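Asker: Please read through the structure below; I'll follow up with questions.
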Amino acid sequence: MAWIPGGWFTMGDEMFQDARPRRRVKVNGFWIDTKEVTNKEFAAFVAATGYVTVAERPIDPAKFPGVEKSKLEPGSVVFTPPEEAVPLDDHLRWWRWVKAACWKHPEGPQSSIEDRENHPVVHVAFEDATAYAAWAGKRLPTEAEWERAARGGVDGKPFTWGDAAPGEPAWQTNIWQGKFPRENTRADGYVATAPVGSFPANRYGLFDMAGNVWEWCADWYRPDAFETDVVENPKGPASSHDPQEPGIAKRVQKGGSYLCSDVYCRRYRPGGRGKGDIDSGTNHIGFRCVKDAPEPR
């Protein structure tokens, strides 16, 4: 873990409607994992506790009235590139529900995490991430803590590494290159997740604070969250609301993923915000943890 000193910083990004207005925020110092939680680390947690992730559990038919029982088997949503160009306003064109997809089988039952022990664990719902964090004696970061850490002590820069555009002069992050969502040229070296720490760290020594996988935060998601007057150690709103899906409780996700593309999603910027159904994970969502402890001497 790395120590993040407390202090004031500018939070938010005027590029995104739900990350406005930019504001000065103060957080106390804290420790944060230098890398995203890996398959190997999550496997140790499962082996020690017998934990079963949300994606592996039977689905309650009461939550899906009228749906055939045969279609309620455990599984998760998997990115599936279409064969042809598709409209970018219809994300269902590249996401597919796959039975038995879970952290151990990221693309479905025929896949495994063999040779991916050092990749970030995926298909983790919010509950799974908080369970791991509690077992490890840690917790999930607030959105403000995560963004403070991602900025690396450099205020006001568009990216976690500074001003240079992604790929100039070399790739600083694992995102999408090419024609999203059907063709990834993998100019950064990866078509999906990369082993944690494959790209340079920011000035706090943290890896993958942009791209690779989205990371869960503790805050409930609301598009108007930045309009509050709370600027010291903000912990987010008291409840969730997403106007696009008002009946689904969501938490904040940060950092973007390997599916972020400049033609579709630029939310790998430190001020960008993501949102996720607390009961769902996909093969581009993971997490890292923080810990409250004294400043190092």
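The values are calculated or read from the model by the stated rules, or taken from the named source; none is laboratory data. Only a predicted model underlies this, so the values are computations on that prediction, with no experimental measurement involved. Don't worry about glycine lacking a Cβ; one is built from the backbone with ideal geometry, like all the others, and counts go over all protein chains shown.
Asker: Out of (1) surrounded by 15 or more Cβ atoms within 10 Å (Cβ to Cβ); (2) within 25 Å of residue 21 (Cβ to Cβ), the odd one out for residue 162 is which?
Answerer: So the condition that residue 162 fails would be (1).
Asker: If you don't mind, another one. What about residue 186, is it surrounded by fewer than 20 Cβ atoms within 10 Å (Cβ to Cβ), in contact (Cβ under 8 Å) with a residue 24 or more places away in the chain and of a type outside the set (Phe, Trp, Tyr)?
Answerer: Working: surrounded by fewer than 20 Cβ atoms within 10 Å (Cβ to Cβ): yes; in contact (Cβ under 8 Å) with a residue 24 or more places away in the chain: no; of a type outside the set (Phe, Trp, Tyr): yes.
It is false that residue 186 is surrounded by fewer than 20 Cβ atoms within 10 Å (Cβ to Cβ), in contact (Cβ under 8 Å) with a residue 24 or more places away in the chain and of a type outside the set (Phe, Trp, Tyr).
Asker: Checking residue 226 against (1) within 17 Å of residue 124 (Cβ to Cβ); (2) outside any loop (DSSP other than H, G, I, E, B), only one condition comes out false. Which one?
Answerer: It fails just one condition, (1).
Asker: Yes or no: the stretch 15-34 includes at least one residue that is on the phi < 0 side of the Ramachandran plot, of a type in the set (Ser, Thr, Tyr) and touching an Asp or Glu at 6+ places or on another chain (Cβ under 7 Å). Reasoning before the result, please.
Answerer: Initial filter on the stretch 15-34 (on the phi < 0 side of the Ramachandran plot): 15-34.
Retained after the next criterion (residues that are of a type in the set (Ser, Thr, Tyr)): 34.
Checking the rest, the ones that are also touching an Asp or Glu at 6+ places or on another chain (Cβ under 7 Å) come to none.
Scanning the stretch 15-34, I find no residue that is on the phi < 0 side of the Ramachandran plot, of a type in the set (Ser, Thr, Tyr) and touching an Asp or Glu at 6+ places or on another chain (Cβ under 7 Å), so the answer is no.
Asker: What pairs can you find where one residue is in the stretch 1-30 and of a type in the set (Asp, Glu), the other is crowded, with 16+ Cβ neighbours inside 10 Å, and their Cβ atoms are less than 6 Å apart, with a gap of 6+ or different chains?
Answerer: These pairs meet every condition: 13/19; 13/269; 13/271; 13/272; 14/20; 18/223; 18/273.
Asker: Restricting attention to the stretch 264-296, which residues are among the β-branched types (Val, Ile, Thr) and under 14 Å from residue 131 (Cα atoms)?
Answerer: Kept after step one, since they are among the β-branched types (Val, Ile, Thr), are these residues of the stretch 264-296: 278, 282, 285, 290.
Matches in the stretch 264-296: 278, 290.
Asker: Take the residues in the stretch 142-162 that are acidic (Asp, Glu) and at pLDDT 95 or above; name whichever of them is farthest from residue 267 (Cα to Cα).
Answerer: Taking the stretch 142-162 and keeping what is acidic (Asp, Glu), we get 143, 145, 147, 155.
Add one more test, that the residue is at pLDDT 95 or above, and what stays is 143, 145, 147.
Values: 143: 14, 145: 17, 147: 12 Å.
That would be 145.
Asker: Related question: Given (1) touching a residue at least 24 places away in the same chain (Cβ under 8 Å); (2) surrounded by fewer than 16 Cβ atoms within 10 Å (Cβ to Cβ); (3) out of contact with any Gly (no Cβ under 8 Å at 6 or more places or on another chain), identify the lone condition not met by residue 280.
Answerer: Condition (2) is where residue 280 drops out.
Asker: Further, regarding this structure: Select from the stretch 223-276 the residues that are loosely packed, with under 13 Cβ neighbours inside 10 Å, of a type in the set (Val, Ile, Thr) and in contact (Cβ under 8 Å) with a residue 12 or more places away in the chain and list them in ascending order.
Answerer: 263
Residues are listed down the side, and each one gets a yes or a no for (1) among the basic types (Lys, Arg); (2) part of a helix (DSSP H, G or I); (3) closer than 29 Å to residue 130 by Cα:
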| site | (1), (2), (3) |
| --- | --- |
| 144 | no, yes, yes |
| 182 | yes, no, no |
| 193 | no, no, yes |
| 196 | no, no, yes |
| 199 | no, no, yes |
| 236 | no, no, yes |
| 240 | no, no, yes |
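Asker: If you scan the stretch 95-142, which residues turn out to be in contact (Cβ under 8 Å) with a residue 40 or more places away in the chain, part of a helix (DSSP H, G or I) and more than 16 Å from residue 54 (Cα to Cα)?
Answerer: Passing the criteria: only 135.
Asker: Another question, then. Taking the stretch 73-119 as the region of interest, how many residues are on the phi > 0 side of the Ramachandran plot and among the hydrophobic types (A, V, I, L, M, F, W, C)?
Answerer: Qualifying residue count for the region: 1.
Asker: Also: Can you find, within the stretch 255-289, the residue that is nearest to the chain's Cα centre (by Cα) among those that are more than 13 Å from residue 120 (Cα to Cα) and of a type in the set (Ser, Thr, Tyr)?
Answerer: If we take residues in the stretch 255-289 being more than 13 Å from residue 120 (Cα to Cα) and of a type in the set (Ser, Thr, Tyr), then 268 is nearest to the chain's Cα centre (by Cα).
Asker: Among the residues of the stretch 247-254, is there at least one that is over 19 Å from the mean Cα position of the chain (by Cα) and under 30 Å from residue 64 (Cβ atoms)? If you could, list the steps in order and put the result at the bottom.
Answerer: First pass over the stretch 247-254, keeping only residues over 19 Å from the mean Cα position of the chain (by Cα): 247.
Subsequent filtering for residues that are under 30 Å from residue 64 (Cβ atoms) retains 247.
Yes, there is a match, as at least one residue in the stretch 247-254 is over 19 Å from the mean Cα position of the chain (by Cα) and under 30 Å from residue 64 (Cβ atoms).
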